[in-house]
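Here the structure comes first, spelled out in structure tokens, and everything after it is commentary.
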Amino acid sequence: MSNIVLVTGGARSGKSNFAESLCIKRNNSTAYIATSVAFDDEMKDRIKKHKESRPDEWKTYEIYKDIYYLVKELDENHNTVLLDCLTLMVNNLMFTYGIDIENANSEEINEIEEYIQDQLSKLLDSVKDTNLYFVIVTNEVGMGIVPENKLSRIYRDFVGRANQQIARISDEVYFVVSGIPMKVK
């Protein structure tokens, strides 16, 4: 039976370090799903630092779309999976859908969100049928002010609802503040 764990917190809160420590405690048969795309030098540097912080034994999969196709392989070859992070996954899915979000109407925005939620539902459904300890890292985006521009508000809404979707079915949820994890569920 799977165990789904959601780790959330603000930027630089220590959530990835905490999520990694959960996986290390379990075993070294961990698959790391990296959802980021190295689109500039800063992101390349961030990715490099993340790679250096992980145990060498972990296998990395760089993917953010249709991850559910990979779950059977993960279950056959690993005991633990760390997906880092959901917020980058949502961002990448938003922009690969093919709609100009800045100028999209509400129907198109709803269509994009349905696509993102479908991706998450398929992933979560496929994980439920495994024995994996599956840890998902995300950013808590709902504790600040309402963003000034439309794109940022749409993104905040998409991520906020995705976080809720995952938290509902998660076995455990942690909120990390200043490197201190607090168990919420």
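Laboratory data are not the source of any read-out in this text; all were calculated from the coordinates shown. Computed from a prediction, not measured in an experiment: that's the story for all the values here. Counting neighbours? That spans all protein chains shown, and the Cβs are built from the backbone with ideal geometry, glycine included.
Which of PHE95, PHE39, PHE175 has the fewest other C-beta atoms within 10 Å, and how do the rest follow up to the most? Numbers along the way, then the final one.
Values: PHE95 12, PHE39 9, PHE175 18.
Listing PHE95, PHE39, PHE175 from fewest to most nearby Cβ atoms yields PHE39, PHE95, PHE175.
Mind giving me the nanometre distance, one decimal, between the label points for PHE39 and PHE95, set 7 Å out from Cα along Cα→Cβ?
0.0 nm
Tell me the Rg and the Dmax, in Å, that the Cα atoms of the range 12-82 produce.
12.6, 35
Can you compute 3J(HN,Hα) from phi for each residue in the range 18-30, using the Karplus curve 6.51 cos²θ - 1.76 cosθ + 1.60 with θ = phi - 60°, rounded to whole Hz and x for Gly and Pro?
5, 4, 4, 5, 4, 6, 4, 4, 7, 4, 10, 8, 10
Once you mark the GluC sites (Glu not before Pro) that are in a DSSP loop and have at most 14 other Cβ atoms within 10 Å, what is the longest gap between them in the chain? Write down the numbers at each step before the final one.
Values: sites that count: GLU57, GLU148.
The answer is 58-147.
How much length would be gained if the chain were fully extended between ILE169 and LYS183, taking 0.36 nm per residue of separation minus their Cα-Cα distance, in nm to one decimal? Intermediate values should be presented prior to the final figure.
On the way: separation 14, 0.36 × 14 = 5.04 nm, distance 1.53 nm.
Length gained between ILE169 and LYS183: 3.5 nm.
Nearest 500 deg cm²/dmol is fine: what mean residue ellipticity at 222 nm does the chain get from its DSSP H runs of n ≥ 4 alone, each adding -39,500 (n - 2.57), divided by its residue count? Each step should come with its number before you reach the end.
Numbers: 6 runs with 86 residues, N = 185.
Computed mean residue ellipticity for the chain: -15000 deg cm²/dmol.
Hey, can you grab everything whose amide H is under 5 Å from the amide H of ILE33? Only 5+ residues off in sequence or another chain; H modelled, so Pro and N-termini drop out.
HN-HN under 5 Å from ILE33: TYR61, LEU82, LEU83, ASP84.
Excluding same-chain residues fewer than 8 positions from LYS44, which lysines have a Cα within less than 25 Å of its Cα?
Cross-link targets: LYS15, LYS59, LYS65.
Nearest 5 is fine: what % of DSSP beta bridges in the range 3-183 come out antiparallel, could you say?
Working: 4 of 30 bridges.
Just about 15 percent of them are antiparallel.
Pop a pseudo-label 7 angstrom from the Cα along the beta-carbon direction at both ILE145 and GLU107 and give the gap in nm to one decimal.
For the pair ILE145/GLU107, the computed spacing is 3.5 nm.
How big is the charge dipole of the range 3-183 about its Cα centre, in debye rounded to the nearest 20, if each Lys and Arg gets +1 on its Cβ and each Asp and Glu gets -1 on its Cβ? Please list the in-between numbers first.
Working: 21 positive and 29 negative charges, 155 e Å.
So the magnitude is around 740 debye.
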